[in-house]
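What follows draws every value from the coordinates through simple rules; no lab data is involved. Treat the numbers as computed from the prediction; the structure is a model and nothing was measured. Reconstructed Cβ throughout: ideal geometry from the backbone, glycine too, with neighbour counts over all protein chains shown.
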Amino acid sequence: MASGALKRLVPLLDRVLVSRVEPLKKSVGGVILPDSAVSKINEGTVVAVGPGARATDGSVIPMGVKEGDKVLLPEYGGTKVTVDDKEFTLFRDSELLGILEDEDDDDDDDDGDGGLGGS
């Protein structure tokens, strides 16, 4: 492999590679914020997904997320990984707390539950 080649990490089984959203380092007024004043953001974008976990009968359990989804992350957990000087975090599919959707994605949701999925 050439030393300048781009690396691509493909997660195994039910693992999900996530790029965390970077917190703002400057305020709106242009003041640089210290790390102690910046809150940790528990949001990220799915970069890659594995094929899914295996059930006891050998069938593949499908993943709950896909590449490009914005997800809510747990405060702790995951495995930090660096690929091509970029920091990512690996999570299991079951560790992700939810998928964040834009409000206009639920336009066809007319059951009155606000997109909560109730019947």
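Starting with the highest mean, order 84-93, 12-21 by the number of other Cβ atoms within 10 Å, averaged over the residues of each peptide.
Highest-to-lowest ranking by the protection proxy: 12-21, 84-93.
For the pair residue 84/residue 54, report the inter-label distance in nm, with labels modelled 7 Å from Cα in the Cβ direction.
Placing both labels 7 Å along Cα→Cβ, they lie 3.1 nm apart.
Please give the length that would be gained between residue 97 and residue 66 if that part of the chain were fully extended, namely 0.36 nm times their separation in residues minus their C-alpha to C-alpha distance (nm, one decimal).
Extending this stretch completely gives an extra 9.7 nm.
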